[in-house]
Amino acid sequence: MPNTEYIITLCDGPSCIHKGSRTVKDALEEAIAKHNMQDKVKIHLSGCLGMCSKGPIVIVNPGYTIYGSVTEADAAEIIEQHLINGKYVTRLVVDEDHLYNRFFRIFGDNDFFGKQMRITLRNCGIIDPENIDDYLSLRGYEALAKVLTELTPKDVIDEVKTSGLRGRGGGGFPTGVKWDFTANAPGDERYVICNADEGDPGAFMDRSAIEGDPHTILEGMAIAGYAIGSTKGIVYIRAEYPLAIKRLEKAIEDASKNNLLGDNILGSEFSFDIEIRLGAGAFVCGEETALIHSIEGSRGMPRPRPPYPSVKGLFGKPTLINNVETWANIPVIILDGGKWFSSIGTETSKGTKVFAVAGMVKNTGLVEVPMGTTLRNIVYDIGGGIEGGGKFKAIQTGGPSGGCLPEEYLDTKVDYESLAAVGSIMGSGGMIVIDEHSCMVDVAKFFLEFTQDESCGKCTPCREGTKRMLEILTRITQGKGKPGDIEKLERLGTMAQRSSLCGLGQSAPNPVLSTIKNFRQEYEDHIFNKKCVAGVCGALLTYTIIEKCVGCGACKRVCPTNAISGTRKQLHTIDQDACIKCGQCYDTCKFEAITKA
Amino acid sequence: MIEMKDQKIDELKEYIAATQSNDNPESYLIAVLHKVQGLFGYLPREVMDVVAKAMNIPTAHIWGVATFYHYFNLKPVGKHIVSVCMGTACYVRGAGKVLEALKKNIGVEIGETSEDKLFTLQEARCLGACGIAPVIMIDDKIYGELTGKTATELIKKYRKAAKG
């Protein structure tokens, strides 16, 4: 593209699309055509850039100018003022003193200091994910070529071992060791699987990684295929991610055309094919043995391990399963060396981790930070603090199987061991910020409802344990909690943790146990004082009308039980016996004259 | 109508036949069920027998698989599928209220289809659009930053469009 003077990158993530990025794209194209600049300007659609709260995002290169909240009407101005007159459209420039701006400037640079560091997401937002040339121009498939021409399979495994990379799906098992086991397992046929069954609610890093840079995953898998002696790779991906599936299909097709997948890759002896298999909405299928059963066309239920999949996996053959994020690290490790990789992070957890930061935080989106960054850094420096002026209450890490950590743990470093030590887990990287308006008992109940529903029902501790715990929690939130309930929850929780068959049941009690540990007072308030401080548990609330009431009668009209009485322009009252605590009056009142406590 | 169904069944049989030449043909069952749902909108009981014969797998096993996964609908669905994201991020930002408002407006519980066959209400795990929570998805379009009120307005819009 010799004539190209400007590259405009448009975020094509769901948040930006929702906010109108597609119409912005049309408007940009129109403006470009109007000024006859089609040859000089190229427009990219990128995967989610992680700046969801500022969307739609438009980046103009060279210069890394990031424009946020761009509307259709702004498009022409960007083209005319920035591209033609060479002046920034100042009012749209995203200019905040956190890392969103900075990490774009350090891209391609080896300066990994600073709070964010993008290794697995290194190409996301930089390349056109549907164009293999873009990936190739940023050292794409160079690692695969290096492996095929310079390294023996053993060298590759040793390099991964040296890097200290651990499974990013949540388990944290050393990746190199897993590769070694699979390579040495007896058998003539082996499989390589990419686990893209990202089922944790509140986590979307795998989706973004695939949508933004699908070739990295394919390259990582092909390298592993060479290292362990496999010719067949499978990506198991959620059916709920149509765009990611489409981009993967395109990437596989393009890679095959360029002899980067298929028979005799790059003229070598090595052949490797990748196939896509769709999940069908079962959370437990993220567990490796369940995932294998699902690919085999059965109910996705886990089985006891050992034998581990590395010995007896898909169709009874040795199988190597890694998560999307783990795969994305492989090409970097091969190119820059395991030693370099191991210089990032903490003693036991190397490299970076991508987190999906969401909930009551100002900057929701994806962040990639070196292991060992503190939760405080993530929430306040990168996340920008609490949205809506509320008070920080807890941070929930690790998805529905993780724990809730209160403020005093904010200085905990994120790595596998530190998070486990305070009763939570790394998990796949979901991070939800909870403020004072959430009730912790209700939050625990919410997570348990999820895991209970997703329990496959095979083993008793998980199937029955989560059910009984949920019953107790429901009772507590309805104001029917009994003395001894907390202890019963602790006993049941510990039992399920210790005796469940797979990770789902073993970690399902985490939200309950961690909220009991860190927010015991709230449980006691519910049970003994019949109070919900956060004002969430309906049955424990009392609605009262205060002096601010102007007597408009709006509450009276919506009350389904006619519990509100009063004459026009006079202070109204609620008959507490008739009130069913539906909260409709509270939502309707425009004068903040109704309180709940 | 029957003709259309036969056509779909033929297409399905063709699809199955293509998978049967691969290694481990029975492992394509879930892919085949996706295809069935793509064609019919749900998994009709009688079509399961067609799949069973074509893939040489007992219907009971197929039914076992179909009921295990949330993604498969076992009952016919409405014209529009409304999925309310109940992921954590949406939940802490008020997805519960959105769901209540939709239940009331559409007049159904989760998993049910409205009487006019226009809407099926579903809960979704996480739509991966946490940045604009709470979100709902109507068919394959995502709507974010909703409240109970704006969500009902959306439904009203769809209802109007269906009438006009």
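The values are calculated or read from the model by the stated rules, or taken from the named source; none is laboratory data. Bear in mind that the values here come from a model prediction, so they are computed numbers and not experimental data. Cβ coordinates were reconstructed from backbone atoms using ideal geometry, including for glycine residues, and neighbour counts include every protein chain displayed.
For A:S298, the requirement of being touching a strand residue (DSSP E or B) at 6+ places or on another chain (Cβ under 7 Å), free of Cβ contacts under 8 Å to residues at least 60 places away in the same chain and not aromatic (F, W, Y) is not met. Counting only residues that are within 12 Å of chain B (Cβ to nearest Cβ) and on the phi > 0 side of the Ramachandran plot, the stretch A:175-225 holds 1 of them. Applying the set (1) assigned to a helix (DSSP H, G or I); (2) within 14 Å of chain B (Cβ to nearest Cβ); (3) under 24 Å from A:A251 (Cα atoms); (4) not aliphatic (A, V, I, L, M) to A:T326 leaves exactly one unmet item: (2). Scanning the stretch A:343-372 for residues that are assigned to a strand (DSSP E or B) and within 14 Å of another protein chain (Cβ to nearest Cβ) turns up A:V354, A:F355, A:A356, A:V357, A:A358, A:G359, A:V361, A:G365, A:L366, A:V367. Checked against the criterion of being within 14 Å of another protein chain (Cβ to nearest Cβ) and in contact with a Pro (Cβ under 6 Å, 6 or more places away or on another chain), the stretch B:29-41 has no qualifying residue. Let me confirm something: among A:G481, A:G505, A:G493, which residue is in contact with a His (Cβ under 8 Å, 6 or more places away or on another chain) and at pLDDT 90 or above? Step by step, each of A:G481, A:G505, A:G493 is checked, and only A:G481 is in contact with a His (Cβ under 8 Å, 6 or more places away or on another chain) and at pLDDT 90 or above.
When B:E109 is tested against (1) under 27 Å from A:D442 (Cβ atoms); (2) in contact (Cβ under 8 Å) with a residue 40 or more places away in the chain; (3) away from every other protein chain (no Cβ under 12 Å), just one condition goes unmet, and that condition is (2). Within the stretch B:48-67, which residues are of a type in the set (A, V, I, L, M, F, W, C) and not in a helix (DSSP H, G or I)? Correct list: B:I57 only. Filtering the stretch A:447-466 for residues that are among the aromatic types (F, W, Y), assigned to a helix (DSSP H, G or I) and within 11 Å of chain B (Cβ to nearest Cβ) leaves a non-empty set. Residues considered: A:L314, A:L335, A:L375. Of these, the only one that is away from chain B (no Cβ under 14 Å) and either over 25 Å from A:S418 (Cα atoms) or touching a helix residue (DSSP H, G or I) at 6+ places or on another chain (Cβ under 6 Å) (or both) is A:L335. Of all the numbered requirements in (1) crowded, with 22+ Cβ neighbours inside 10 Å; (2) away from chain A (no Cβ under 11 Å), B:A89 misses one, and that requirement is (2). Within the stretch A:307-356, the set of residues being without any contact (Cβ under 8 Å) to a residue 40 or more places away in the chain and among the hydroxyl-bearing types (S, T, Y) comprises just one member, A:S343.
For residues in the stretch A:117-152 being in contact with a Ser or Thr (Cβ under 6 Å, 6 or more places away or on another chain) and within 26 Å of A:I59 (Cβ to Cβ), which is surrounded by the most Cβ atoms within 10 Å (Cβ to Cβ)? Ranking the candidates gives A:G125 first.
When residues in the stretch A:385-416 are screened for being assigned to a strand (DSSP E or B) and under 26 Å from A:R207 (Cβ atoms), 7 of them pass.
This table checks each residue for (1) at pLDDT 95 or above; (2) surrounded by fewer than 21 Cβ atoms within 10 Å (Cβ to Cβ); (3) under 18 Å from the mean Cα position of the chain (by Cα).
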{"site": "A:S163", "(1), (2), (3)": "yes, no, no"}
{"site": "A:V177", "(1), (2), (3)": "yes, yes, no"}
{"site": "A:I193", "(1), (2), (3)": "yes, no, no"}
{"site": "A:G199", "(1), (2), (3)": "no, no, yes"}
{"site": "A:G202", "(1), (2), (3)": "no, no, yes"}
{"site": "A:A222", "(1), (2), (3)": "yes, no, no"}
{"site": "A:S230", "(1), (2), (3)": "yes, no, no"}
{"site": "A:S256", "(1), (2), (3)": "yes, yes, no"}
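In this entry, A:S53 is excluded by the filter for residues that are under 30 Å from B:M137 (Cα atoms), in contact with a Ser or Thr (Cβ under 7 Å, 6 or more places away or on another chain) and away from chain B (no Cβ under 14 Å). Taken as a whole, the condition of being under 28 Å from A:F447 (Cα atoms), buried (at least 24 other Cβ atoms within 10 Å of the Cβ) and of a type in the set (A, V, I, L, M, F, W, C) does not apply to A:A239. Can you tell me which condition B:Y71 does not meet? The list is (1) among the aromatic types (F, W, Y); (2) within 13 Å of chain A (Cβ to nearest Cβ); (3) part of a helix (DSSP H, G or I), and all the others hold. Of everything listed in (1) among the aromatic types (F, W, Y); (2) within 13 Å of chain A (Cβ to nearest Cβ); (3) part of a helix (DSSP H, G or I), B:Y71 misses just condition (3). Criterion applied to A:L489, A:L419, A:L501, A:L473 was being of a type in the set (A, V, I, L, M) and not in a helix (DSSP H, G or I), and the one residue passing it is A:L501. The residues of the stretch A:420-443 that are over 16 Å from A:V367 (Cβ atoms), surrounded by 24 or more Cβ atoms within 10 Å (Cβ to Cβ) and away from chain B (no Cβ under 11 Å), listed by number, are A:S424, A:M440, A:V441.
Of the helices (runs of 4 or more DSSP H) lying entirely inside the stretch A:1-98, those carrying at least 1 residues that are within 30 Å of A:M360 (Cα to Cα) and among the charged types (D, E, K, R) are A:21-34, A:72-77.
Within the stretch B:124-136, residues that are more than 7 Å from chain A (Cβ to nearest Cβ) and over 11 Å from A:G199 (Cα atoms) sit with their Cβ atoms under 8 Å from residues that are in a helix (DSSP H, G or I) and of a type in the set (V, I, T), at 6+ positions apart or across chains, in these pairs: B:P134/B:V98; B:I136/B:V98. The residues of the stretch A:571-592 that are within 14 Å of B:K97 (Cβ to Cβ) and either in contact with a Lys or Arg (Cβ under 9 Å, 6 or more places away or on another chain) or outside any loop (DSSP other than H, G, I, E, B) (or both), listed by number, are A:G583, A:Q584, A:Y586, A:D587, A:T588. Put simply, of B:T88, B:T120, B:T59 the only residue that is β-branched (V, I, T), assigned by TED's automatic domain parsing to the domain that holds B:G148 and closer than 23 Å to B:L39 by Cβ is B:T120.
Per-residue answers, yes or no, for (1) touching a helix residue (DSSP H, G or I) at 6+ places or on another chain (Cβ under 9 Å); (2) surrounded by 19 or more Cβ atoms within 10 Å (Cβ to Cβ); (3) within 24 Å of A:Y236 (Cβ to Cβ):
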site: B:E11; (1), (2), (3): yes, no, no
site: B:S27; (1), (2), (3): yes, yes, yes
site: B:G38; (1), (2), (3): no, no, yes
site: B:R45; (1), (2), (3): yes, no, no
site: B:V51; (1), (2), (3): yes, yes, yes
site: B:H61; (1), (2), (3): yes, no, yes
site: B:T67; (1), (2), (3): no, no, yes
site: B:P76; (1), (2), (3): yes, no, no
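Of the set (1) at pLDDT 95 or above; (2) more than 20 Å from A:E325 (Cβ to Cβ); (3) within 13 Å of chain B (Cβ to nearest Cβ), all apply to A:L261 but (3).
Of all residues in the stretch A:536-557, those satisfying the criterion of being touching a strand residue (DSSP E or B) at 6+ places or on another chain (Cβ under 8 Å) and surrounded by fewer than 18 Cβ atoms within 10 Å (Cβ to Cβ) are A:T542, A:T544, A:I546. Within the stretch B:15-23, can one find any residue that is at pLDDT below 95, part of a loop (DSSP other than H, G, I, E, B) and within 22 Å of the chain's Cα centre (by Cα)? Checked the stretch B:15-23: no residue is at pLDDT below 95, part of a loop (DSSP other than H, G, I, E, B) and within 22 Å of the chain's Cα centre (by Cα).
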